[in-house]
Amino acid sequence: MEPAQKLKIGSATLGILKSVPVDRGATVKAGDIIARLDSSVEEANVALSRAQSESTASIEAQLELRMIRSPIRGIVTERLMSAGEFVRQDSAIFTLVQLDPLYVEAYLPVSRWKEIALRMPATVELDQPIGGTYVAKVSVVDQVFDAASGTFGVRLELANPDFKLPGGQRCKVAFPLAAAGPLATAQPSEAR
């Protein structure tokens, strides 16, 4: 079971980080300001433009670039920079993960390929210490087989709106198919 997305968040512009109000473990919503670059020059230009009664649209846009917003609803798993550090366009400030939905990656024998359909429900049983069983739905059925293992991949989406379930854990998947031995093995995700 893995997060739906894992994103490295940076800045579209160069500058000094003025504030970083979120830390590892924080829950963020899409659009939340998660860091700000120093914008004193741009703020002074806005004040000057207002005094001269000219349009401030381009300066307002520059100010927006100095605010770093979360593109997703998720969890901060790493804060890589702090206030006072210099940010470049290739610098990562945060790592965010999207935990709703969670993706369950499973591999089934090629002989079962015609039996798996999109939106088909399946039961996901989590290993301890979390435990429990949950219903997920098939969202991807691979169209290319792995000849060496005689399997094909299936992705299921498991709703997790309250982030109750963490990503990166092992599980078992059971599909509503006729019995024919082990049906699926979920791949363990990488250590985080």
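The values are calculated or read from the model by the stated rules, or taken from the named source; none is laboratory data. Just so it is clear, the model here is predicted, and its values are computed rather than measured. Every residue, glycine among them, receives a Cβ derived from its backbone with ideal geometry; neighbour counts consider all protein chains shown.
Restricting attention to region 88-122, the residues being assigned to a strand (DSSP E or B) and more than 22 Å from the chain's Cα centre (by Cα) number 5. Scanning region 123-161 for residues that are in contact (Cβ under 8 Å) with a residue 12 or more places away in the chain and more than 22 Å from Arg112 (Cβ to Cβ) returns Leu126, Asp127, Ile130, Ala159, Asn160, Pro161. In region 158-179, is there at least one residue being at pLDDT below 95 and touching a Cys at 6+ places or on another chain (Cβ under 7 Å)? Checking region 158-179: not a single residue is at pLDDT below 95 and touching a Cys at 6+ places or on another chain (Cβ under 7 Å). Taking the conditions (1) polar (S, T, N, Q); (2) assigned by TED's automatic domain parsing to the domain that holds Lys29; (3) surrounded by 15 or more Cβ atoms within 10 Å (Cβ to Cβ) in turn, Gln89 satisfies each one other than (3). Among the residues of region 92-126, write down those that are surrounded by 17 or more Cβ atoms within 10 Å (Cβ to Cβ) and among the hydroxyl-bearing types (Ser, Thr, Tyr). Matches in region 92-126: Thr95, Tyr103, Tyr107. Scanning region 75-87 for residues being in a strand (DSSP E or B) and closer than 22 Å to Phe163 by Cβ gives a total of 5. All conditions but one from (1) closer than 17 Å to Asn160 by Cα; (2) assigned to a loop (DSSP other than H, G, I, E, B); (3) at pLDDT 95 or above; (4) in the same structural domain as Leu158 (by TED's automatic domain parsing) apply to Ile72; the one that does not is (4). Cβ-Cβ contacts under 7 Å between residues 6 or more apart (or on different chains), taken from a first residue in region 1-22 that is on the phi > 0 side of the Ramachandran plot to a second residue that is of a type in the set (D, E, K, R), are listed as Gly15/Asp38; Gly15/Arg66. Entry remark, region 14-68: residues being modelled with pLDDT under 60, surrounded by 12 or more Cβ atoms within 10 Å (Cβ to Cβ) and of a type in the set (D, E, K, R) number 2 in total.
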